[in-house]
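The values are calculated or read from the model by the stated rules, or taken from the named source; none is laboratory data. Since the model is a prediction, treat every value here as computed from it, not as a measurement. Positions of Cβ are backbone-derived with ideal geometry, glycine not excepted, and every protein chain shown enters the neighbour counts. Ligands, DNA and RNA are stripped out before the accessible areas are found, and what is left, the full protein with its side chains, is counted by its heavy atoms. Shrake-Rupley method; radii C 1.70, N 1.55, O 1.52, S 1.80 Å.
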Amino acid sequence: MKVLLIGSGGREHALAFKLAASARLSHLYIAPGNGGTGEFGENIALNISDHAEIIAFCTTQKIGLVVVGPEAPLVAGLADDLREAGFNVFGPSKAAAQLEGSKSFTKTLCDEMNIPTADYSRFDNVEEALAHVREHGAPIVVKADGLAAGKGVTVAQTLEQAESAVCTCFSGAFGEAGAEVVIEECLTGEEVSVFAISDGERFVTLASAQDHKQAFDGDKGPNTGGMGAYSPAPAMTTELLARVEREIVAPTLVGMARRGTPFSGVLFAGLMLTEDGPKLIEHNVRFGDPECQVLMMRLKSDLLELLLASARGDISDITPEWRDEAALCVVMAARGYPGAYQKGEVISGLEKAQSESVRIFHAGTRREDGRALAAGGRVLGVTALGPTITEAQSATYKAIDNIDWPGGFCRRDIGWRAIEAEKENS
Ligand code: AMP
Ligand code: GLY
């Protein structure tokens, strides 16, 4: 079967790696791909926002499955248009992608289905929003309603920060995404992610994973898309997962089906483990990045079979299997990220750093004369397997020390929480 994978990040390089391992794959195209994805398929320069161009490509190439990696094309309705043209698509419809595309949509669904989440209010004007934060004080969380490329959320520790976040949203900094603002109570606890593959009706949860959002060691500094991840997450016990399935995943899928907009694809629930139990922070409608990298390293089953079953609407025969080993991914980013950064520097030593148990997933690179050049904020996701998280971490940093890229930086403490837990249990 020919597969078209949409996207250009580390997540897509990891998906390409596992799709390429499937005996059912005859050819993989990645649109547009990056400097690493060509290892597993053919990069193809399609304009992702031109749905007619993608449909024409799928028709000519007789594509058997389209896998949509990022959220933006899903929110824009790419899956709907491809399905209407008769193609199998892994990823939700535009209506179901509202779970990520609109924070206030998800909050309404939480109310309807009794899904535990942070208390919230929504505002469409700056005065009322400011009055609300002044009344409640800090800490408090201010969110632009729509997609803002991960930049629309402020966890304000002071009233000034909260006021400034409200003003930023309404000033048009996030365009339409900030026309409505959701203000939430600040939850405290440990954050974990749960991924569930759904066919619109049934679901199966994947191995647990946890990421580090802050840019610097000690979980300090600005929020980013994710500076590292690991799997399994020791905090996610079997009992807790069962509770999350019952209280959060199942009611979300039931609620979406009841509305006549069933969700198929991968539901990524970001959770806070509070003293009152797990609460939903947000839903995403795609794999996490870099959580996907660690999940793909641990997945033993055929990824193509799994995604195709979801796309075709019946996952009842699918039980994903996982390696016992742990996986850990450290993101190497361009100095300055998540702020301004340089592009174009040559990265070397990548071949030497890779081995049977260490893979380097490219996130923001491009190829020039066979060399890899930095071309984004998050540039590489160095990922290793190991018998424990502690060992996976040391293998990852050993590989990183072989990479020559003066303009890059990474955190040196990815997985610290899990490593502490392993120490306590040993
Ligand atoms: P989101 O884009 O909604 O995932 O928010 C980004 C990050 O902000 C989350 O991963 C959390 O670390 C943090 N966050 C979001 N909402 C809350 C909340 N209600 N309480 C505490 N932290 C939050
Ligand atoms: N790593 C979190 C995300 O993909 O949103």
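Considering the conditions (1) open to solvent by less than 10 Å² (accessible area, probe 1.4 Å); (2) within 16 Å of ligand 2 (Cβ to nearest atom), C110 is excluded by exactly one of them, (2).
So which residues in segment 94-124 are over 27 Å from P73 (Cα atoms), in contact with a Lys or Arg (Cβ under 8 Å, 6 or more places away or on another chain) and outside any strand (DSSP E or B)? Answer for segment 94-124, where residues must be over 27 Å from P73 (Cα atoms), in contact with a Lys or Arg (Cβ under 8 Å, 6 or more places away or on another chain) and outside any strand (DSSP E or B): P116, A118. Note on segment 294-303: among residues that are closer than 21 Å to L65 by Cβ and touching a residue at least 60 places away in the same chain (Cβ under 8 Å), the one that is surrounded by the fewest Cβ atoms within 10 Å (Cβ to Cβ) is D302. May I ask you to verify whether R335 is away from ligand 1 (no atom under 16 Å from the Cβ) and closer than 18 Å to G200 by Cβ? It is false that R335 is away from ligand 1 (no atom under 16 Å from the Cβ) and closer than 18 Å to G200 by Cβ.
Among the listed residues E71, E42, which satisfies the condition of being over 15 Å from V285 (Cβ atoms) and open to solvent by 20 Å² or more (accessible area, probe 1.4 Å)? Result of the check over E71, E42: E42. Return the residue satisfying two criteria in turn: it lies in segment 287-298 and is touching an Asp or Glu at 6+ places or on another chain (Cβ under 8 Å) and more than 13 Å from ligand 1 (Cβ to nearest atom), and of such residues it is farthest from A20 (Cα to Cα). Selected residue: P290.
Taken together, the residues in segment 134-166 that are part of a loop (DSSP other than H, G, I, E, B), at pLDDT 90 or above and farther than 19 Å from E282 by Cα amount to 2.
Among the residues of segment 45-56, how many are touching a strand residue (DSSP E or B) at 6+ places or on another chain (Cβ under 8 Å) and either open to solvent by 30 Å² or more (accessible area, probe 1.4 Å) or farther than 15 Å from G7 by Cβ (or both)? Before you say what the answer is, go through the steps one by one.
The first filter runs over segment 45-56 and keeps only residues touching a strand residue (DSSP E or B) at 6+ places or on another chain (Cβ under 8 Å), leaving 45-46, 48, 54.
Subset that is either open to solvent by 30 Å² or more (accessible area, probe 1.4 Å) or farther than 15 Å from G7 by Cβ (or both): 45, 48.
So the answer is 2.
Scan segment 212-251 for residues that are hydroxyl-bearing (S, T, Y) and within 16 Å of ligand 2 (Cβ to nearest atom) and the total you get is 3.
Quick check: anything in segment 233-247 assigned to a loop (DSSP other than H, G, I, E, B) and of a type in the set (K, R)? So far as segment 233-247 goes, no, none of its residues is assigned to a loop (DSSP other than H, G, I, E, B) and of a type in the set (K, R). Looking at T154, T168, just one residue is among the polar types (S, T, N, Q), farther than 29 Å from T252 by Cα and either under 20 Å from the mean Cα position of the chain (by Cα) or within 16 Å of ligand 1 (Cβ to nearest atom) (or both), and that residue is T168.
Number of residues in segment 252-269 that are surrounded by 18 or more Cβ atoms within 10 Å (Cβ to Cβ) and more than 20 Å from F90 (Cβ to Cβ): the value is 1. Would you check if there is a residue in segment 267-280 being touching a Gly at 6+ places or on another chain (Cβ under 6 Å) and either within 30 Å of R371 (Cβ to Cβ) or within 16 Å of ligand 2 (Cβ to nearest atom) (or both)? The answer is yes, given that some residue of segment 267-280 is touching a Gly at 6+ places or on another chain (Cβ under 6 Å) and either within 30 Å of R371 (Cβ to Cβ) or within 16 Å of ligand 2 (Cβ to nearest atom) (or both).
Select from segment 219-235 the residues that are within 15 Å of ligand 1 (Cβ to nearest atom) and either touching a residue at least 60 places away in the same chain (Cβ under 8 Å) or under 20 Å from E391 (Cα atoms) (or both) and list them in ascending order.
Within segment 219-235, the subset within 15 Å of ligand 1 (Cβ to nearest atom) is 219-229, 233, 235.
If the condition is that a residue be within 15 Å of ligand 1 (Cβ to nearest atom) and either touching a residue at least 60 places away in the same chain (Cβ under 8 Å) or under 20 Å from E391 (Cα atoms) (or both), then P222, N223, T224, G225, G226, M227, G228, A229, A233, A235 are the ones that fit.
Looking at this structure, is V204 open to solvent by less than 20 Å² (accessible area, probe 1.4 Å) and either within 15 Å of ligand 2 (Cβ to nearest atom) or not hydroxyl-bearing (S, T, Y) (or both)? No, not satisfied.
This table checks each residue for (1) under 18 Å from the mean Cα position of the chain (by Cα); (2) more than 16 Å from ligand 2 (Cβ to nearest atom); (3) among the hydrophobic types (A, V, I, L, M, F, W, C); (4) surrounded by fewer than 16 Cβ atoms within 10 Å (Cβ to Cβ).
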{"residue": "L130", "(1), (2), (3), (4)": "no, yes, yes, no"}
{"residue": "I140", "(1), (2), (3), (4)": "no, yes, yes, no"}
{"residue": "E160", "(1), (2), (3), (4)": "no, yes, no, yes"}
{"residue": "A196", "(1), (2), (3), (4)": "yes, no, yes, no"}
{"residue": "Q210", "(1), (2), (3), (4)": "yes, no, no, no"}
